[in-house]
Amino acid sequence: MAQMHKSAATLRIIGDDLLPTDVSRLLNCTPTTAQKKDDVIVGKSGLQRNVRTGMWSLQSKDQQPENLDGQIEEILGKLTTNMEIWQTLTRRFRVDMFCGVFMSGGNEGLSISPTSLLSLGQRGIQLGLDVYGPE
């Protein structure tokens, strides 16, 4: 199978009553980005908006060529292995591993190892894939 050109991966924990400091404490990790519901953020254009829901996210380094297994391992390796904490988080919030995969041409593909799938599944993390075609 031909390999995808590039990949990006981000663990996202999302919920209206999410407090980023609580999630950081539970996971023993500082997020890449975090926000509470109703926080005011300023966009690149200078416009302000209120955040609709809380989110804690941890992003891996982009990989070229694609390496989702490595990115999943990179992210989960920074976080607690305590499955009770993961159960608490997934019962209370939406938790996903959001991945973007980018093609440079036709007939590219990817596979995800059983180890990565098991690690995500044990923690109750949904895997989401967005596939982007060539420019």
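Readers should treat all values here as calculations from the given coordinates under stated rules, not as data from a laboratory. What you see is a predicted model, and the numbers here were worked out from it, not measured in a lab. Cβ atoms come from the backbone with ideal geometry, glycine included; neighbour counts cover every protein chain shown.
What to note about this one:
- Residues Glu66, Glu84 in ascending order of nearby Cβ atoms (within 10 Å, fewest first): Glu84, Glu66.
- Under the simplified labelling scheme, the Tyr132-Thr30 pair shows an inter-label distance of 2.7 nm, with each label point 7 Å from Cα along Cα→Cβ.
- Dipole magnitude for the chain: computed about the Cα centre from +1 point charges on Lys and Arg Cβ and -1 point charges on Asp and Glu Cβ, it is near 440 debye.
- Mean shadow area of the chain, taken as a quarter of the surface of its Cα convex hull (nm²): 9.0
- Dipole-positive endmost among Val101, Val23, Thr80 within region 6-132 (Cβ charges, Cα centre): Val23
- Cα centre as origin, Lys/Arg/Asp/Glu Cβ charges: region 23-76 dipole, Debye: 480
- Across region 54-101, the convex hull enclosing all Cα atoms gives 85 Å³ per residue.
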